[in-house]
């Protein structure tokens, strides 16, 4: 098991899974160096990502309905495909 869990958001979160497996205490402010190291590791990983565009994706009818529902909830209109 990896010891550290880092969540990158507008307010980053850091947990020590060995000491706090329930992730009850956020260490981002008290373990600044570890938080910075985890953020740097994430940045390196993201830079290595190679986006591949989808080519003619096929959606099941229920997946299309789910996407339309999400579009309605997010923007007040339906997704048109």
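Summary table below
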{"quantity": "Enumeration of residues in the range 25-55 that are loosely packed, with under 10 Cβ neighbours inside 10 Å and over 19 Å from the mean Cα position of the chain (by Cα)", "calculated": "33, 53, 54, 55"}
{"quantity": "Every pair of residues 6+ apart whose Cβ atoms lie under 6 Å, when the first sits in the range 13-29 and is on the phi > 0 side of the Ramachandran plot while the second is loosely packed, with under 13 Cβ neighbours inside 10 Å", "calculated": "none"}
{"quantity": "Yes/no for residue 59 being free of Cβ contacts under 8 Å to residues at least 12 places away in the same chain and assigned to a loop (DSSP other than H, G, I, E, B)", "calculated": "no"}
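Only the coordinates and a few stated rules stand behind these numbers; no lab work does. Quantities reported herein were computed from a predicted structural model and do not represent experimental measurements. Neighbour counts are summed over all protein chains in view; Cβ atoms, including those assigned to glycine, are modelled from backbone coordinates with ideal geometry.
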